[in-house]
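Notes for the one structure printed next.
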Amino acid sequence: MVVAPPFKPFEHPEQARFEKTRALFTYWRKLLAERGRPARTDLDPAEMKPFLPNVVTGHIEAAPFRGLYRLVGTKVAEYSRLDFSNRYLDELRGAPMSIGMHAIASFMLTACRSSVTAG
């Protein structure tokens, strides 16, 4: 049985359930319009301050396929009971199952579509 990933690409702010998510998506779209695909250095923590506790940023390595969590917001770490900042997905073997399965789906979807995901 194939299970659909719990993440979907964002295309419109209205897809978000929460105002904070809509605002973050609007910020991301502004960066895309100004710079094309933004680099990590384009993200301004001062502008992102309201979102930082809920944000996870990462890096995808193609060969071999690996996902690195660069930043895990405090709310995400609190919810998942683990701060996995600066750790690779495959290093999180003892992590709660929800982190691993959702992360794999998110990294794969992001890599395949080159898009922002939320879930």
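The values are calculated or read from the model by the stated rules, or taken from the named source; none is laboratory data. No experiment lies behind these values; they were computed from the predicted model shown. For neighbour counting, all protein chains shown are included, and Cβ atoms are generated from backbone atoms with ideal geometry for every residue, glycine included.
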Q. When the residues of region 82-95 are filtered to those that are small (Gly, Ala, Ser) and surrounded by 14 or more Cβ atoms within 10 Å (Cβ to Cβ), which remaining residue is modelled with the lowest pLDDT?
A. Ala95
Q) Going through region 67-78 one residue at a time, which ones are in a strand (DSSP E or B) and surrounded by fewer than 13 Cβ atoms within 10 Å (Cβ to Cβ)? A) Arg70
Q. If we scan region 107-118, do we find a residue that is among the aliphatic types (A, V, I, L, M), at pLDDT 85 or above and under 12 Å from the mean Cα position of the chain (by Cα)?
A. no
Q. Since Tyr79 meets every condition but one in (1) within 14 Å of the chain's Cα centre (by Cα); (2) among the hydroxyl-bearing types (Ser, Thr, Tyr); (3) at pLDDT 85 or above, which condition does it not meet?
A. (1)
Q) How about region 35-66: which of its residues are touching a Gly at 6+ places or on another chain (Cβ under 7 Å) and not in a helix (DSSP H, G or I)? A) Val55, Val56, Gly58, Ile60
Q) In this structure, is Ala23 in a helix (DSSP H, G or I) and exposed (fewer than 11 other Cβ atoms within 10 Å of the Cβ)? A) no
Q. Looking at Asp42, is it in contact with a strand residue (DSSP E or B) (Cβ under 7 Å, 6 or more places away or on another chain), acidic (Asp, Glu) and either at pLDDT 85 or above or exposed (fewer than 14 other Cβ atoms within 10 Å of the Cβ) (or both)?
A. no
